[in-house]
Amino acid sequence: MARAPSQRRSRKTAAGAPANTARGEHTLTLAGKTYRLRPSFEATMAIEDETGLSLHELFRKANAMALPYSELGVICAAYIRAGAGEDDKMTAQVDASRIAELIYEEGTTGVYPVLTLLFADAISGGRTASGEARAVATTT
């Protein structure tokens, strides 16, 4: 029997804090460590600059499972760094080539669904530049 979303256990990340779905955060497990990926504006801009691709192009490539390992490493490392806890210096300095290597060792089948959902969250808007969900206006 599946649990209701509110009853699901949160997955602890390498820093110990669970991913916050209200921020569009997702988790990715590599080499037995679970990392929190946060789609902040700053991380997204860094990814676009380094890959030369727009967020929409990256989304299409992720959905088609067509990202090379170098781009997978860049994307995941940037979002992992954005999701690092304030006192988690090691995660905040994670290296894109090492993440790509871990993805190669782990396989890409678990990475692509996470990135596709993460990109969809980032593209859909409704978030501040830091990744926080914006308040929804209410009407009376």
**Q.** the stretch 65-126, accessible area per residue, ligands and nucleic acids excluded (1.4 Å, Å²)
**A.** 49
Q: Could you please state how large a percent of the accessible area of the stretch 33-93 is carbon and sulfur, counting protein chains only and using a 1.4 Å probe?
A: 51
Q) Separation between the ARG98 and GLU48 pseudo-spin-labels, each 7 Å from Cα along Cα→Cβ, expressed in nm? A) 2.9
Q: Could you work out the mean projected area of the convex hull around the alpha carbons of the stretch 44-117, in square nanometres to one decimal?
A: 4.7
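The values are calculated or read from the model by the stated rules, or taken from the named source; none is laboratory data. The model shown is predicted, which means the values in this text are computed figures rather than measured ones. Positions of Cβ are generated from backbone atoms using ideal geometry, with glycine treated the same way; all protein chains shown enter the neighbour counts. We work out accessible area using only protein heavy atoms, side chains counted, and drop any ligands, DNA or RNA first. Shrake-Rupley method; radii C 1.70, N 1.55, O 1.52, S 1.80 Å.
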